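The values are calculated or read from the model by the stated rules, or taken from the named source; none is laboratory data. Nothing here was measured: the structure is a model prediction, and the numbers come from that model. All Cβ positions, even for glycine, are placed from backbone atoms using ideal geometry, and neighbour counts span all protein chains on display.
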Amino acid sequence: MKTLVNVLIIVTGLLLTIKNAALAEIELSFRFNDAGQKEMRAALDKFEQMNPGIKVELQRIAWGSAREQFLREAAVGEGPDVVHIAQVWTRSMGDAGALYDMNELIEEHGIGEGWGDFISADLASQDDGKIHAIPWTVDTFAMVYRKDILEKAGITEFPTTWEGLHEASVQIKEKTGAVGWAIPSGSGPTNSIWFFLNFYWWSNGWSLVDRKADGSYYINITPEQIAEGLDYYKSYLDKGINPQSMLNVTNWGAQELIEGMVRGDYSIISTPENVLVQIESAFKERYPDKSNPFASTIHPKSSVTFVGGRQLGINVNTEHAEAAFKLIKYLTDEPVYTDHYAGMWPAQKTLIKQLPQVASHKGYKDQLILARSWGPYSTGPIPIPTMWNWVGRGAGSVFIGEKTSIEVANEIYENIKKEL
Amino acid sequence: MIYEIVVLLTALILFIGIIYPTLWVFIASFKSEETIFSNEYATYTFDNYIELFESGFGVFIYNSFYICLISVIITIFASVTAAYVFSRKKFKFKIIYFGSIMLGQTFPWIILVTPMFILFAKLGFLNNHISMIFCYVAVSLPFSVYLLVGYLESVPRELDEAALMDGCPPFQIIWKIIFPIMIPGIIVTAAYSFLLMWSEYLFALAFLTKTKLKTMPLELYAFFGEHTTEWGQVMAASAVTTIPTLLLFLPLQKLISEGLTAGSVKS
Amino acid sequence: MKDNKFVFFLLIPSFFFIVFFYLYPTLYNLFNSFTDLNLFKLRKGGNWIGFENYIDLFVDPEFIRVFFNTTIWLTLVGVAVRIILGLLLAFLINSETLKKYKLTGLFQVSLIIPWATPSIVAVVVWRMILDPQVGFVNQTLVKYGIITEPIAFLSNTSFVWPSIITIITWNTLPLVTLTFLASLKSVPAELLDAATVDGANKLQRAFYVILPHMIPSIIVMILMSTFWTFNNFAYVWLATGAGPGTFTNVMATEVYLKAFVDGRMGYSSALGIVMASIMTVFGIIYLRMIVKRNLKEIF
């Protein structure tokens, strides 16, 4: 009898445990690094309602440390389940074995309008077909300018060549005292000058890393051509048409730029769209009676810019890949962009087409059509952040006159060549 | 007279230089984000603070306090005992042992992050306040031991030696006799350690990623976004981060400046 | 309880921290410095490459700059400024004039403010104060006609180091000053009186009576400021990001850049070991000094 009771107790116990396990909540953690945490929390609350049994914990880390931290965590079996990463990190993180291959999940559950609808899908997947992240948002730089100041300086059409832009900046300085193109030229590891140099090189058909038809990588630029780009931006600083203080401005959305544009100290910058949103909102608060003086357009020489963007990856160490994928699927659905993550462009062609149009932001749509993905830069053997740092540091040394442009160009050239 | 004016003027300029930056943070924290950097135009508001606390900053304050407080207590415990032993006992390899603690002051913290990260990961201490507490104690221990040994040297030996003769157990000597006399030195040590831990973010960045576990400097750092910085929040958070240390230090000011020398100058 | 056992028992807590937080990381870095460990291959671990990292390091022209910046600018200049200003400030606060107008207390209290300001906040606010467009310093200088064009303090190569040192000094001067002040106050009154009787004026008293009395605390402060500055990562990183170019790159920022931007963790470990070795030399000097001067009786 006693034995029977014992057995019964054990069996009931077991059953209860199994039942509990089935009901037990899955706790996902989602690392989302942008501002607007409150809005994202609201989106996650909705997700939790729709998926009883899954709870999502929201966490944030400064973008500046996001890459190293996740690599470190993944290597020791830690880290959040779903991680917000720059699209140019995906491949190297995947190579490092930090990200989960989502092929099977996509096959089983599908994603958006299909894999082909995603922009930068090439960066999210590896050459062997593994899919290590889902593209989430895209952005690019466009030229933002003050119509009123350009008009005052007698410039009616926004320049369409690099030289024209340079001349326009001189003209603006002479006629209005304002700075023409204010170019953040600081040298931190995530500097802006890297982008501007690449825009210049790309518009001439050059590229630091390119890929041959046979799949091998080569350097598609000469040291002289690298130096030409460096000299172009140096000339702005030398003539004082780009203020020297810009040497300590690293970020493309720095307060100095926003404040300068709002006050009218600066008249042209190249920046992503959400910075323009901030500029416009600051301007409106400061001068409620004035009309919006801002406009946007494409870069000179119809320069190709890059499609920047963020992707969502699943940590290789996750215990809840299914649930994590469910969350990603939800986050890449239209309502999240329209209701909770406003101001961001979805990384899906179909969704972009449905976006409303704001007049002063027209340049972004035009520029995005021209934009290229980082392509060979990110699929190649040198991690983009490494080149980014080299180029920014090198440019800084040229700008302060410590090295000549050709010296730095040679260094960059040799460095890249060595690694390719 | 002229001499006095010159002295007073110099003092005034220095005084402004000393307090202006911190004052600026407090003023800016009450300006709306759009007008923080504008000199000619300002809207004053509590919005930055409201937004800051709505975003859950209160939890970070609590975490910071909790971690720092426990770490300070452990530091004090470990360094008082060590200081007592160094100051009053003779034993083998004492100088080597004392030396290795003192050399801790010269240690470059930045090279500590990765090895500690890996060790804590193996022990399952990531995203656990224990790891932070251990690190903070380790960082502040060398200087604390140094200060307290110096302080203890200024306390007459006869006091505790007499008690030892009377057959008082050694542990009691530390807590009943040494500890009370050393209170001023301990306060300085505690204040110093607290400040060091309070503004630390290299370790916190690597070891704490779960939102509910984070500390204040970490969140402050996260406000520097990729495209733009949330300056309103940065200023409010900076003010909130500075207030507790100010409140802690101001009343202790006299003690701190006196206690500091006890260690370094022994006449 | 036997004395030895008791000593052993009391040393356990500090021993624990020394082993896990100093010995282990040092050995870990030492080992990695002989490998090609990479951030992207953390899982795989590194391969043994012998002294290659160290050889690379010493032939890298960047290392010479980093070394120079760290030792000369950051440490030598930074510490000298702090000590000299700290002394002057201590004398000022202790001066008869300030005492007469009852300003001593106020001044001493005000010193707590920069000290209590966390370094990250200090750098943020100084960046704003030094800003060419909106900063207080430039606006004041331009307003009074001292300069005509605003100066980009944190990017102009002639000003960037002095600016960084200003920031560090502001944040760390209070500790130095308060230490000196306490030491200044401990000068026995009889000594000063005797000097006055002998006809020494203020300056002579300062140089021949007060300063010699303060020597031990000055030396200790020099050494300690050296440790705190040499290893510091936050000030330079937050103020200039080691730029423009690599103009203000120092050892701590280079360790960070090499490990986490370039991903070369082995190389970065080698750099860390070099850093630790340099500081150990200073540490031994310091140790000898405090043992000889302050703690003679206990060894």
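Table: residues versus (1) in contact (Cβ under 8 Å) with a residue 60 or more places away in the chain; (2) under 30 Å from residue B:32 (Cβ atoms).
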site	(1), (2)
A:260	yes, yes
A:268	yes, yes
A:274	yes, yes
A:280	yes, yes
A:289	no, yes
A:294	yes, yes
A:302	yes, no
A:307	yes, no
A:318	yes, no
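For the range A:374-410, the set of residues classified as assigned to a loop (DSSP other than H, G, I, E, B) and either within 11 Å of chain C (Cβ to nearest Cβ) or surrounded by fewer than 21 Cβ atoms within 10 Å (Cβ to Cβ) (or both) consists of A:375, A:381, A:382, A:383, A:400, A:401, A:402, A:403, A:404, listed by residue number.
So that you can scan it fast, the table gives a plain yes or no per residue for (1) among the hydrophobic types (A, V, I, L, M, F, W, C); (2) in contact with a helix residue (DSSP H, G or I) (Cβ under 6 Å, 6 or more places away or on another chain):
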{"position": "C:130", "(1), (2)": "yes, yes"}
{"position": "C:138", "(1), (2)": "no, no"}
{"position": "C:142", "(1), (2)": "yes, no"}
{"position": "C:149", "(1), (2)": "no, no"}
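All conditions but one from (1) modelled with pLDDT under 95; (2) under 22 Å from the mean Cα position of the chain (by Cα); (3) farther than 30 Å from residue A:237 by Cβ apply to residue A:364; the one that does not is (3).
Kindly establish whether residue B:218 is part of a helix (DSSP H, G or I) and facing another protein chain (nearest Cβ under 9 Å).
Details: part of a helix (DSSP H, G or I): yes; facing another protein chain (nearest Cβ under 9 Å): yes.
Here the answer is yes, as residue B:218 does meet what is asked.
In the range C:39-72, the residue that is surrounded by the fewest Cβ atoms within 10 Å (Cβ to Cβ) out of those that are in contact with a helix residue (DSSP H, G or I) (Cβ under 6 Å, 6 or more places away or on another chain) and not aliphatic (A, V, I, L, M) is C:43.
A single member of C:77, C:59, C:19 is of a type outside the set (Phe, Trp, Tyr) and touching a residue at least 12 places away in the same chain (Cβ under 8 Å), and it is C:77. Only a single item in (1) modelled with pLDDT under 90; (2) buried (at least 22 other Cβ atoms within 10 Å of the Cβ); (3) within 28 Å of residue C:252 (Cβ to Cβ) is not met by residue B:37, and it is number (3).
Applying the condition of being more than 7 Å from chain C (Cβ to nearest Cβ) and part of a loop (DSSP other than H, G, I, E, B) to the range B:94-152 and asking which residue is nearest to residue B:218 (Cα to Cα) yields B:127.
Among residues of the range B:180-209 being more than 11 Å from chain C (Cβ to nearest Cβ), within 18 Å of residue C:224 (Cβ to Cβ) and hydroxyl-bearing (Ser, Thr, Tyr), the one that is surrounded by the fewest Cβ atoms within 10 Å (Cβ to Cβ) is B:193. Of all the residues in the range A:198-246, those that are closer than 22 Å to residue A:380 by Cβ and within 14 Å of another protein chain (Cβ to nearest Cβ) number 1. Inside the range C:238-252, residues that are buried (at least 24 other Cβ atoms within 10 Å of the Cβ), more than 7 Å from chain A (Cβ to nearest Cβ) and in a helix (DSSP H, G or I) make up a count of 3.
Checking every residue in the range C:144-165 against the condition of being at the interface with chain B (Cβ under 9 Å from one of its Cβ atoms), within 30 Å of residue B:191 (Cα to Cα), part of a helix (DSSP H, G or I) and in contact (Cβ under 8 Å) with a residue 40 or more places away in the chain gives zero matches. Answer yes or no: is there a residue in the range B:67-74 that is surrounded by fewer than 16 Cβ atoms within 10 Å (Cβ to Cβ), within 29 Å of the chain's Cα centre (by Cα), more than 11 Å from chain C (Cβ to nearest Cβ) and part of a helix (DSSP H, G or I). Checked the range B:67-74: at least one residue is surrounded by fewer than 16 Cβ atoms within 10 Å (Cβ to Cβ), within 29 Å of the chain's Cα centre (by Cα), more than 11 Å from chain C (Cβ to nearest Cβ) and part of a helix (DSSP H, G or I).
Restricting the range A:293-319 to residues that are of a type in the set (A, V, I, L, M) and assigned to a loop (DSSP other than H, G, I, E, B) leaves a set whose member that is surrounded by the most Cβ atoms within 10 Å (Cβ to Cβ) is A:298.
In the range C:203-228, the residues that are of a type in the set (D, E, K, R) form Cβ pairs under 6 Å with partners that are surrounded by fewer than 19 Cβ atoms within 10 Å (Cβ to Cβ), at six or more places apart or across chains, as follows: C:205/C:195. Scanning the range A:362-376 for residues that are aromatic (Phe, Trp, Tyr) and either touching a Phe, Trp or Tyr at 6+ places or on another chain (Cβ under 7 Å) or over 14 Å from residue A:273 (Cα atoms) (or both) yields one hit, A:374.
If we only count helices (runs of 4 or more DSSP H) wholly inside the range A:29-105, which ones have 3 or more residues that are out of contact with any strand residue (DSSP E or B) (no Cβ under 6 Å at 6 or more places or on another chain) and more than 7 Å from every other protein chain (Cβ to nearest Cβ)? Of the helices (runs of 4 or more DSSP H) lying wholly inside the range A:29-105, those with at least 3 residues that are out of contact with any strand residue (DSSP E or B) (no Cβ under 6 Å at 6 or more places or on another chain) and more than 7 Å from every other protein chain (Cβ to nearest Cβ) span A:37-50, A:63-75.
Just one of the listed residues (A:235, A:192, A:267, A:245) is in contact with a His (Cβ under 8 Å, 6 or more places away or on another chain) and among the polar types (S, T, N, Q), namely A:235.
Matching residues to (1) within 30 Å of residue C:48 (Cβ to Cβ); (2) touching a residue at least 60 places away in the same chain (Cβ under 8 Å); (3) of a type outside the set (Asp, Glu); (4) in contact with a Lys or Arg (Cβ under 8 Å, 6 or more places away or on another chain):
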{"site": "C:236", "(1), (2), (3), (4)": "no, yes, yes, no"}
{"site": "C:243", "(1), (2), (3), (4)": "no, yes, yes, yes"}
{"site": "C:251", "(1), (2), (3), (4)": "yes, yes, yes, no"}
{"site": "C:261", "(1), (2), (3), (4)": "yes, no, yes, no"}
{"site": "C:273", "(1), (2), (3), (4)": "yes, yes, yes, no"}
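Under the condition of being free of Cβ contacts under 8 Å to residues at least 40 places away in the same chain, under 27 Å from residue C:239 (Cβ atoms) and touching a helix residue (DSSP H, G or I) at 6+ places or on another chain (Cβ under 8 Å), the residues counted in the range C:83-106 number 0.
Name the helices (runs of 4 or more DSSP H) wholly inside the range A:110-195 in which the number of residues that are at pLDDT 95 or above and surrounded by fewer than 24 Cβ atoms within 10 Å (Cβ to Cβ) is 1 or more. Give the steps one after another, and end with the answer.
Values: elements: A:121-124, A:147-152, A:162-176.
In the range A:110-195, A:147-152, A:162-176 are the helices (runs of 4 or more DSSP H) which contain 1 or more residues that are at pLDDT 95 or above and surrounded by fewer than 24 Cβ atoms within 10 Å (Cβ to Cβ).
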